[in-house]
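A short reminder: the numbers here are calculations on the coordinates, not readings from a lab. This structure is a prediction, so every number in the text was calculated from the model and none was measured. Cβ sites come from the backbone with ideal geometry, for glycine too, and all protein chains shown count toward neighbours.
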């Protein structure tokens, strides 16, 4: 898809009742984020909504629930060339299988408890990953643990990356982060209809 086609295929407020949608910046260049160990790099890149592949076009949205306690998602859609979209999904799946913990070298955050979840069955193929960001406390308290989830969906040559986290609730963390099905389903439907 071209940039104009991708914009038309991106979910809008009229497609998704109960959510507010704002544009966020996104670049077409491959992500420069790296991880230590290196095999975890695709997971670190996915946290930023990107991958190690250039895109023909990328659009970004912040989707927020209109309910105070509702979940939303940060969403990046990337239109790829040839087989790059399938490689993005395959490399993320492989990294999530091999990776248990890593440091995001670029952002200087540590992550642990990386877990490849069952395939949620969206689009042509999809990958779901849960992990925990470990935020050091500046005092003598235990680090704050922030649950994250990444959901990547490929529809044709387009990859939609959804990320969400649960707000910290002290050292014990909180329930796993979840990307609402309504957001994913609305976006996948729009991509399918555009295809």
Subject >> Condition broken by residue 153, with the remaining ones in (1) surrounded by fewer than 19 Cβ atoms within 10 Å (Cβ to Cβ); (2) touching a helix residue (DSSP H, G or I) at 6+ places or on another chain (Cβ under 7 Å) satisfied >> reply: (1)
**OP:** Output yes when any residue across region 57-67 is more than 15 Å from the chain's Cα centre (by Cα), surrounded by 19 or more Cβ atoms within 10 Å (Cβ to Cβ), part of a strand (DSSP E or B) and touching a residue at least 60 places away in the same chain (Cβ under 8 Å), and no when none is.
**Re:** no
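Yes/no per residue for (1) out of contact with any strand residue (DSSP E or B) (no Cβ under 7 Å at 6 or more places or on another chain); (2) within 13 Å of residue 75 (Cα to Cα); (3) surrounded by fewer than 18 Cβ atoms within 10 Å (Cβ to Cβ); (4) in contact (Cβ under 8 Å) with a residue 40 or more places away in the chain:
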{"site": "12", "(1), (2), (3), (4)": "no, yes, yes, no"}
{"site": "23", "(1), (2), (3), (4)": "no, yes, yes, no"}
{"site": "26", "(1), (2), (3), (4)": "no, yes, no, yes"}
{"site": "34", "(1), (2), (3), (4)": "yes, no, yes, yes"}
{"site": "42", "(1), (2), (3), (4)": "yes, no, no, yes"}
{"site": "50", "(1), (2), (3), (4)": "no, yes, no, yes"}
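For region 88-166, which strands (runs of 3 or more DSSP E) that fit wholly inside it have 3 or more residues that are within 15 Å of the chain's Cα centre (by Cα)?
On the way: elements: 102-104, 109-116, 125-135, 144-155, 158-165.
Correct list: 109-116, 125-135, 144-155, 158-165.
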